[in-house]
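Heads up, the thing below is written out as structure tokens.
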Amino acid sequence: MVVSAWIRSRAPRRQRRARRSGLPADRRTLALGLLAVTATAAVITVEFSRVLRKGSAPSPAEAEDPLLAVAEAAAETAEVARTGYREVSTRENSMFNLLTSFVVTFVTARSVTTLLRGRSTVGPFRDLKVGRRHIHHFVPGIVLAFAAGGAAIVTRDEAIEPLLAIPFGVGMGLTLDESALLLELDDVYWTEEGVISVQIALAVTAMLSSVALAMRFLRRGEEVVLESPPAEGLGGR
């Protein structure tokens, strides 16, 4: 009984220490997340600038209607991205879908769990419990990843691999967001171990990988859209 009482007295301290140790990691994560978002914005800005220089849209500084010139350049930039996405190989397309769905799922899961912290529900989201068991989101994540990976192996159809890469990436995001729980066999989600090992390393790595792949198909899109003969360009321009 003395041991039990000591454990109970230590539990609140452990929880407070876990919360305190999670705060610095949260700040570092925000800083790295800002860096990743800045890198993505830089890619978009650089591509927009290249389209302005090489594309058919007039320069906003020289156009009679600068807003119309910007809108035309933005539409041409979107066409470059769409064409590049279509023109790359199936493997590159699948990898981009996987990494993008992984990053979106990872960020969404972390955001939702942050909102749910200390609450029972947030909109349609709530903690899932079956009896006394709390079902963590790595459970549906593992099921999704196994199902999509198994389907890709069984079908061996390259045409559907880009589609299967999306649920596979979602499953990876849900599972790896809670990988610290699986490694520690304990609920360390809000401790320093959980935040640093999962949130920072995986999110930033996947984001940078997505940016690298995006740059690859944007270059291919430029070759098709901006450097093709007028008859093959946008609207015959």
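The values are calculated or read from the model by the stated rules, or taken from the named source; none is laboratory data. Everything numeric here is computed off the predicted structure, so don't read it as measured data. With ideal geometry, Cβ positions are generated from the backbone for all residues, glycine too; neighbour counts draw on all protein chains shown.
Residues in the range 115-125: is at least one under 30 Å from residue 191 (Cα atoms), in a helix (DSSP H, G or I) and out of contact with any Cys (no Cβ under 9 Å at 6 or more places or on another chain)? Quick ask: steps written out before the conclusion?
Restricting attention to the range 115-125, the residues satisfying the condition of being under 30 Å from residue 191 (Cα atoms) are 115-125.
With the extra rule that they be in a helix (DSSP H, G or I), the set shrinks to 115-116.
If we keep only those that are out of contact with any Cys (no Cβ under 9 Å at 6 or more places or on another chain) too, we end up with 115-116.
Yes, the range 115-125 contains a residue that is under 30 Å from residue 191 (Cα atoms), in a helix (DSSP H, G or I) and out of contact with any Cys (no Cβ under 9 Å at 6 or more places or on another chain).
Restricting the search to the range 66-88, which residues are of a type outside the set (S, T, N, Q) and touching a residue at least 24 places away in the same chain (Cβ under 8 Å)? Lay out the reasoning, then the answer.
Just the residues of the range 66-88 that are of a type outside the set (S, T, N, Q), to begin with: 66-76, 78-82, 84-88.
Result: 73, 74, 76, 79, 80, 81, 82, 84, 85, 87, 88.
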Quick one: which helices (runs of 4 or more DSSP H) lie wholly within the range 148-237 and hold at least 2 residues that are more than 24 Å from residue 40 (Cβ to Cβ), modelled with pLDDT under 80 and of a type in the set (Asp, Glu)? none
Against the condition surrounded by 15 or more Cβ atoms within 10 Å (Cβ to Cβ) and either modelled with pLDDT under 85 or not charged (D, E, K, R) (or both), how does residue 2 come out, does it pass? no
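Taking the range 143-171, which residues are within 17 Å of residue 104 (Cα to Cα) and surrounded by fewer than 18 Cβ atoms within 10 Å (Cβ to Cβ)? Spell out the reasoning first.
Residues of the range 143-171 that are within 17 Å of residue 104 (Cα to Cα), as a first pass: 144-145, 162-171.
If the condition is that a residue be within 17 Å of residue 104 (Cα to Cα) and surrounded by fewer than 18 Cβ atoms within 10 Å (Cβ to Cβ), then 163 is the only one that fits.
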Considering residues of the range 122-138 that are of a type in the set (A, V, I, L, M, F, W, C) and within 21 Å of the chain's Cα centre (by Cα) only, the residue nearest to residue 112 (Cα to Cα): 125
